[in-house]
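Asker: Can you read through this structure? Questions will come right after.
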Amino acid sequence: MKKMNSHGPTTKIIKIKQHSVSRISMLILLISLSRFASATTLLKPPPLPILPIPSSAQISWQLDEMALFLHFGTNTFTDSEWGTGHISPSVFNPTELDARQWVSVAKNAGFSRVILTVKHHDGFCLWPSAYTDYSVKSSPWKNGTGDVLFELAIAAKESGIGLGVYLSPWDRHEGCYGKTMDYNEFYMGQMTELLTGYGEIKEVWLDGAKGEGEKDMQYFFGSWFSLIHQLQPGATIFSDAGPDTRWVGDEAGVAGSTCWSLVNQSSLTIGHTDAKYSGGGDPQGQDWIPAECDVSIRPGWFWHPSELPNSALTLLDIYYKSAGRNCLLLLNVPPNSSGLISDEDVQVLWEFTELRRAIFSHNLAVDAVLTASSTRGSSFGDSRFEPSHVLEEGIYHYWAPEEDQSDWIIYLDFATSVSFNMVQIQEPIHMGQRVVSFHLDILSQGIWQTVMKGTTIGYRRLVRFPTVKSQQLRLVVDKARADPLISYLGIYSDAFSVVSDAHNVSSTSYFNASRIIQPVVGNHSSSTSV
């Protein structure tokens with residue numbers, strides 16, 4: 001009889017078990033994949049962005065909200081605004097210059113970047129340019145070894161503040177100005193120095209300013225812009241016409257109550273600004289070029305001993321009309337002849353900061369229950385677009401309505417009545433600017449009453465109105481370029497601003513002389529939009 005291998009049956013059993021385990025593992029894997037597939041099918045993708053949309057650098061610029069402009073140079077010492085270009089460099093001697101003080105003042109006041117006039121129209125350079133002797137190297141300051149831009153760059157980097165430069169195209173000193181090829185080469189040479197020797201530059205600022213009767217000069221803007229983007233890919237370029245940010249069209253820091261980030265760049269020309277078009281933008285625009293609002297804290301752009309800064313309340317009003325209208329506020333705070341920002345300017349900026357802190361320290365909306373007329377993906381149990389996201393800071397979470405809806409409404413229900421007189425609304429601008437018009441209602445004695453009405457929103461819209469009190473309110477989007485998306489909604493009480501009866505409304509019919517709110521009854525789509 002043939003002897004049986006003692007290991008035979010055991011080996012067979014092991015093989016059977018291994019086969020069974022393999023089948024069980026495969027079954028578990030299939031079930032897991034099935035569940036994963038089921039889970040993924042429940043998620044509705046985000047809506048498509050509507051073009052145009054901002055670049056990464058433009059988003060960074062917009063998120064900064066406010067920048068500090070620093071006009072400083074020989075004009076600071078000659079009590080001038082536009083230098084002749086023939087003032088001796090010997091006048092420039094800021095014996096107490098402290099760039100860290102400038103940056104500290106900016107940061108403490110909530111400014112995210114500083115922009116220095118490294119060369120104004122007089123041609124005097126605040127860095128030791130290799131292309132001219134008309135600079136700090138010919139001044140007594142630090143025996144000609146100083147570099148204002150270098151000191152500011154170090155201070156800004158230490159504090160995490162973005163750095164920008166203003167290199168004036170108009171140069172009243174340089175002998176080759178007026179000779180097209182020579183001066184364009186000169187300008188690009190200086191620009192290369194600035195963009196390769198001082199670390200990261202967040203913004204390059206230039207304009208088309210030039211006095212009447214001055215030499216004719218053709219600027220090669222296209223070549224300049226290409227060079228800037230090549231050397232500093234993350235920088236935004238400001239000019240009257242972009243390419244990245246545009247001038248709002250005035251030096252009062254005031255944008256249009258309707259302000260689109262969209263324009264047709266072909267309709268903008270550097271040096272020849274259509275203030276109405278630039279201040280309001282274009283809902284049909286094919287280019288994303290948001291507006292920047294430049295204004296000085298003092299009557300002049302350079303420091304003058306006879307001038308005093310505007311009040312903090314004036315700055316607050318400017319803030320509402322610039323940063324509160326989808327723009328960046330560029331506030332000029334000029335250092336004095338000692339090289340410091342003056343105490344009175346620092347005091348006003350501190351008061352301005354405290355006003356904003358008092359107003360925006362508590363969003364009343366966080367105490368409300370939020371619902372919406374519809375929510376994208378809600379039928380699938382998707383919570384990514386719920387209205388509660390409008391209480392989160394930032395633009396990357398937002399409320400989105402379901403597609404093909406006739407009503408776009410966010411409702412707020414408070415436990416008790418609240419008093420408020422200002423609303424903040426934001427759109428997720430990386431998805432495009434969408435809202436054309438909107439209004440805010442309160443529920444009073446069972447009737448919805450409109451308390452304010454606005455047009456564009458964009459990155460941030462702040463609207464003030466006479467104080468109202470209610471337990472229930474609703475934000476209604478009346479018209480939009482695509483399904484509206486809201487990334488933030490804030491309800492606040494501003495105890496400092498004085499608001500006229502017809503302030504920030506599209507028609508005086510919304511408030512009469514007695515501040516009585518006119519009721520709006522019925523579907524919101526019947527209301528007039530602007």
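Asker: Charges at C-beta only: +1 for Lys and Arg, -1 for Asp and Glu. How large is the resulting dipole of the stretch 58-145 about its Cα centre, in Debye rounded to 20?
Answerer: With only Lys, Arg, Asp and Glu charged at Cβ, the dipole is about 280 debye.
Asker: Ok, one more. What is the P(r) of the stretch 126-253, as percent of Cα-Cα pairs per 10 Å bin from 0?
Answerer: 11, 39, 38, 12, 0
Asker: Around ARG113, which amide H atoms from residues at least 5 apart in sequence, or from another chain, sit under 5 Å from its own amide H, with H modelled in the peptide plane?
Answerer: LEU68, GLY162
Asker: Assuming a ≥ b ≥ c are the square roots of the Cα gyration tensor eigenvalues, decide whether the stretch 191-278 counts as rounded (a/c under 1.5), prolate (otherwise, with a/b larger than b/c) or oblate.
Answerer: Details: a/c = 1.97, a/b = 1.32, b/c = 1.49.
Because a/c hits 1.5 or more and a/b fails to exceed b/c, the stretch 191-278 counts as oblate.
Asker: Given H placed 1.01 Å from N in the peptide plane, which residues other than close sequence neighbours of PHE385 have an amide H under 5 Å from its amide H?
Answerer: It is none; the list stays empty.
Asker: What percentage of all Cα-Cα pairs in the chain are separated by more than 34 Å?
Answerer: Of all Cα-Cα pairs in the chain, 47 percent lie more than 34 Å apart.
Asker: Quick one: accessible area per residue over the stretch 415-490, 1.4 Å probe, rounded to a whole number of Å²?
Answerer: Dividing the accessible area of the stretch 415-490 by its residue count gives 24 Å².
Asker: So who's got an amide H within less than 5 Å of the one on GLY242, skipping anything under 5 residues away but keeping other chains? H placed 1.01 Å off N, in plane.
Answerer: TRP247
Asker: Can you give the local net charge around LEU315? Use residues other than it whose beta-carbon is closer than 12 angstrom to its beta-carbon, Lys and Arg +1, Asp and Glu -1.
Answerer: Working: positive: ARG298, LYS321, ARG356; negative: ASP317, ASP345, GLU351, GLU354.
Every neighbour counted, the sum reads -1.
Asker: Let me ask something additional. Give the value in nm², to one decimal: projected area of the alpha carbon convex hull of the stretch 238-293, averaged over all directions.
Answerer: Projected area, direction-averaged: 3.1 nm².
Asker: Considering only DSSP beta bridges whose two residues both sit in the chain, what percent are antiparallel, to the nearest 5?
Answerer: If we restrict to bridges inside the chain, about 60 percent are antiparallel.
Asker: At a 1.4 Å probe, what is the % contribution of carbon and sulfur to the accessible area of the chain?
Answerer: Solvent-exposed carbon and sulfur of the chain make up 54 percent of the total.
Asker: Still on this structure, please answer the following. Can you give the net charge of the other residues whose Cβ lies under 12 Å from the Cβ of TYR187, counting K and R as +1 and D and E as -1?
Answerer: Charge balance in the 12 Å sphere: -3.
Asker: Per residue of the stretch 366-378, what does 6.51 cos²θ - 1.76 cosθ + 1.60 with θ = phi - 60° give for ³J(HN,Hα)? Whole Hz please, x for Gly and Pro, Karplus curve as stated.
Answerer: 5, 8, 9, 8, 9, 9, 9, 4, 6, 9, 4, x, 5
Asker: Now, a different point. Using the heavy atoms of the protein chains and a 1.4 angstrom probe, tell me the accessible area per residue for the stretch 169-265 in square angstrom.
Answerer: Roughly 38 Å² per residue, with all protein chains present.
Asker: By how many nm would the segment from SER361 to SER226 lengthen if fully extended, with 0.36 nm per residue of separation less the alpha-carbon distance?
Answerer: 44.4 nm
Asker: Using 7 Å Cα-to-Cβ label points, what is the ALA130/LEU63 separation (nm, one decimal)?
Answerer: 3.6
Asker: Students often check this: by mean Cβ neighbours within 10 Å, which of 407-416, 214-223 ranks highest, and how do the rest follow?
Answerer: Put in order of decreasing packing, that is 407-416, 214-223.
Asker: In whole Hz and in residue order, list the ³J(HN,Hα) couplings for the stretch 49-61 that follow from phi through the Karplus curve 6.51 cos²θ - 1.76 cosθ + 1.60, θ = phi - 60°; x for Gly and Pro.
Answerer: Result, rounded to whole Hz: x, 10, 6, x, 10, x, 7, 4, 5, 5, 5, 4, 4.
Asker: State the answer as a single residue: which of THR145, THR84, LEU485 lies farthest towards the positive end of the charge dipole of the chain, with beta carbon charges of +1 for Lys and Arg and -1 for Asp and Glu, about the Cα centre.
Answerer: Value: LEU485.
Asker: Placing +1 at every Lys and Arg Cβ and -1 at every Asp and Glu Cβ, with all other atoms neutral, what dipole size does the chain have around its Cα centre, in debye to the nearest 20?
Answerer: Computed about the Cα centre, the dipole is about 3340 debye.
Asker: Given a 1.4 Å probe, how much area per residue of the stretch 314-372 is accessible, in Å²? Intermediate results must be reported in sequence, preceding the final value.
Answerer: Values: 1950 Å² over 59 residues.
Computed with neighbouring chains in place, this is 33 Å² per residue.
Asker: Also, quick follow-up: Just to be sure I understand the model, the point goes 7 Å from the Cα along the line to the Cβ. What's the resulting GLU351 to GLU251 distance in nm?
Answerer: My value for the distance between the label points is 2.4 nm.
Asker: Starting at 0 and stepping by 10 Å, how many percent of the alpha carbon pairs of the stretch 327-381 end up in each bin?
Answerer: Each 10 Å bin holds this share of Cα pairs: 16, 25, 21, 16, 12, 8, 1.
Asker: Each residue of the stretch 271-287 in turn: what ³J(HN,Hα) in whole Hz from Karplus with 6.51, -1.76, 1.60 and θ = phi - 60°, glycine and Pro shown as x?
Answerer: x, 9, 8, 8, 4, 5, 5, 5, x, x, x, 8, x, 9, x, 9, 10
Asker: Additional query: Name the residues of the stretch 292-324 whose amide N is less than 16 Å from a point 7 angstrom out from the Cα of GLU81 along the C-beta direction?
Answerer: Residues 294-310 qualify, since their backbone N sits under 16 Å from the label point.
Asker: Could you work out the Rg to Rh ratio of the stretch 91-199, with Rh taken as the Kirkwood radius (inverse of the mean 1/r over all Cα pairs)?
Answerer: Rg/Rh: 0.99.
Asker: Any chance you could run the full-extension gain for GLN286 through LEU313? It's 0.36 nm times the residue separation minus the Cα-Cα distance, nm to one decimal.
Answerer: 6.0 nm
Asker: Which value, in debye to the nearest 20, describes the size of the charge dipole of the stretch 189-333 about its Cα centre when Lys and Arg Cβ atoms bear +1, Asp and Glu Cβ atoms bear -1, and nothing else is charged?
Answerer: 240
Asker: Next up: Relative to 2.2 N^0.38 Å, what does the C-alpha radius of gyration of the stretch 257-382 come to as a ratio? Two decimals please.
Answerer: On the way: Rg = 20.2 Å, N = 126, 2.2 N^0.38 = 13.8 Å.
Here the Cα radius of gyration is 1.46 times the empirical estimate.
Asker: Could you tally the net charge around SER135, taking each other residue with its Cβ under 13 Å from the Cβ of SER135, Lys/Arg +1 and Asp/Glu -1?
Answerer: Taking every other residue near SER135 into account, the sum is -3.
The values are calculated or read from the model by the stated rules, or taken from the named source; none is laboratory data. A quick note: this is a predicted structure, and the numbers were derived from the prediction, not measured. When we count neighbours, we look across all protein chains shown, and the Cβ atoms used for this are built from the backbone with ideal geometry, even at glycine. The protein model used for the area step is the full one, side chains on, heavy atoms only, and it has no ligands, DNA or RNA in it. Shrake-Rupley method; radii C 1.70, N 1.55, O 1.52, S 1.80 Å.
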